[in-house]
Amino acid sequence: MTPPDFFALDRSDPLAGLRERFRLPEGVVYFDGNSLGALPAHVPGRIAEVVATEWGEDLIASWNHHHWIDLPQRVGDRIGRLIGAAPGQVLCCDSSSVNLFKALTTALGLNPGRRIILSLADNFPTDLYVAQGLAGLLGEARCELRTVSAGDLSAQLSEEIAVLMLTQVNFRDGELLDMRAITRAAHEHGVLVIWDLAHSAGAVPLALDEWQVDIAVGCGYKFLNGGPGAPAFVYLASRHHSRVEQPLSGWLGHAEPFAFNPAYEAGEGIRRYQVGTPGIIGMSALDAALDLFDATSIEALREKSLTLSSLFIEGLEQRPALAACDLLTPREADRRGSQVSLSHPEGYALAQALIDSGVIVDFRAPDVVRFGFAPLYNRYADVGVALDTLERVLTTDRLAHFRDRPRAGVT
Ligand SMILES: *Cc1c(COP(=O)(O)O)cnc(C)c1O
């Protein structure tokens, strides 16, 4: 079979022009937008303005004058548009891990009399760690984490479970869960559902309101391109707003922070998820980065993402030299997120050899090499380069150079 003409696909791609709105180094193809989104070209200018003008000249008046005080809600609402949430239900704040802590305590509070958090054993570790920490804090009588395999999930849903905590796109194999169906099944047993959207937001069409999701969290630095350590977000369906408490009751979540009352009183709506002072510089970078999504739609991005990943999977299967790579990601397009994962017995060396050849991927223990597809800036030609480079690395002695390298702290 002749390989597809990747350049022709780029020429007819309606989203091709968006790539120019990012700064990407020459000679590099970047497949790590699922882990750290690329830098939008206008973000450095925006950060410089926030620093030089808003901070440097207007100083503390900027809290009012430049509306810093409302930034977490404004950015939250912009993210809300990407995940199917009406305004007033998403707050940009903290990290996903901290937001998970708030989400879990909220959910347990909404389901009194139940104490079990159900999750998948292969969920992203921070989700499980935070649940373990909470169980330790509350004690076994009030909270217990139970993990099961995906195949056992529906059988485990029962009146005993307080909250189901899942990540929609698995970080290792890229499998996409059916959020609508799982949420509905959980609700039939009175189970509340928390979704981690770390690898979904900005990549997969979502309808949180329509699907009756209770709570969700997600990252700002992955497909949303907010920069390293960008603030995360948390969604809480408005039907729960008046009933929730969360224990990180900081002053900016208070109904009247500037009344300085000694007693805590939760603020209106999603504001009660705010804890302390937001990092304005970082949040402004995310705010600016979200402009890119105004130029297209999540549906169009999803279509391109699936074409990119399908072409990559087809290439893997058609090239005999790549037979040593096992495809971990589901072949069915509607069962995968925006990444393709391979396993290879020398996965770490393979990832290092690819990076050294200008194909930026990452590695997840024990043997997984991940290719993230970011349709805002990845080209079809990048897929061709990735396949050619994989083939070259696996058919020459390139891998040998990386075999005994010690692992870096971040893989
Ligand atoms: C990346 C990722 C996180 C990151 O959490 P932080 O607290 O922002 O570091 C959380 N959950 C999942 C599923 C992730 O992939």
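The values are calculated or read from the model by the stated rules, or taken from the named source; none is laboratory data. Note that this is a predicted model, so its numbers are computed, not measured. Reconstructed Cβ throughout: ideal geometry from the backbone, glycine too, with neighbour counts over all protein chains shown. The area values use the complete protein model at the heavy-atom level, side chains included, leaving out ligands, DNA and RNA. Shrake-Rupley method; radii C 1.70, N 1.55, O 1.52, S 1.80 Å.
Here are a few things to note about the model shown:
- Note on SER249 and HIS401: their simple-model spin labels are 6.0 nm apart, each label 7 Å out from Cα toward Cβ.
- Helix 347-356 and the long axis of the chain differ in direction by around 80°, with both axes built from C-alpha atoms.
- Solvent exposure of the range 258-411 as accessible area per residue, Å², 1.4 Å probe: 42 Å²
- Taking the DSSP beta bridges with both ends in the range 100-215, the antiparallel portion is around 5 percent.
- For the range 54-147, GluC sites (Glu not before Pro) are listed when DSSP marks them as loop and at most 14 other Cβ atoms sit within 10 Å of their Cβ; the list is GLU57, GLU140.
- Nonlocal amide H pairs with PHE171, under 5 Å, H built at 1.01 Å: PHE124
- Probe 1.4 Å, protein heavy atoms only - accessible area per residue of the range 51-170 in square angstrom: 44 Å²
- Integer Hz, Karplus 6.51/-1.76/1.60 couplings in order for the range 391-408, x for Gly and Pro: 5, 5, 5, 7, 10, 10, 9, 4, 4, 4, 5, 10, 4, 9, 5, x, 6, 6
- Net charge contributed by nearby residues that have their C-beta within less than 15 Å of HIS66 (K/R +1, D/E -1): -4
- Portion, in percent, of the accessible area of the chain that falls on carbon or sulfur, probe 1.4 Å: 54 percent
- Within the chain, helix-based [θ] at 222 nm, where runs of 4 or more DSSP H residues each add -39,500 (n - 2.57), nearest 500: -10000 deg cm²/dmol
- The H on the amide N of PHE22, modeled in the peptide plane, is under 5 Å from the matching H of ALA41, each at least 5 residues off or on a different chain.
- For the range 163-180, 3J(HN,Hα) computed residue by residue from phi via the Karplus equation (6.51, -1.76, 1.60; θ = phi - 60°) reads 9, 9, 10, 9, 9, 5, 10, 5, 5, 7, 9, x, 5, 9, 8, 7, 4, 5 Hz, glycine and proline entered as x.
- Within the range 291-387, the trypsin sites (Lys or Arg not before Pro) that combine a DSSP coil assignment with at most 13 other C-beta atoms in a 10 angstrom radius are ARG331.
- Compactness of the chain, taken as the C-alpha radius of gyration over 2.2 N^0.38 Å, stands at 1.02.
- The alpha carbon centroids of the range 87-113 and the range 258-297 are separated by 14 Å.
- Couplings 3J(HN,Hα) for the range 289-300, derived from phi with the Karplus relation 6.51 cos²θ - 1.76 cosθ + 1.60 (θ = phi - 60°), are 4, 5, 3, 4, 6, 6, 8, 8, 10, 4, 5, 5 Hz, where x marks Gly and Pro.
- Residue-normalised convex hull volume from the C-alpha trace of the range 206-265: 117 Å³ per residue.
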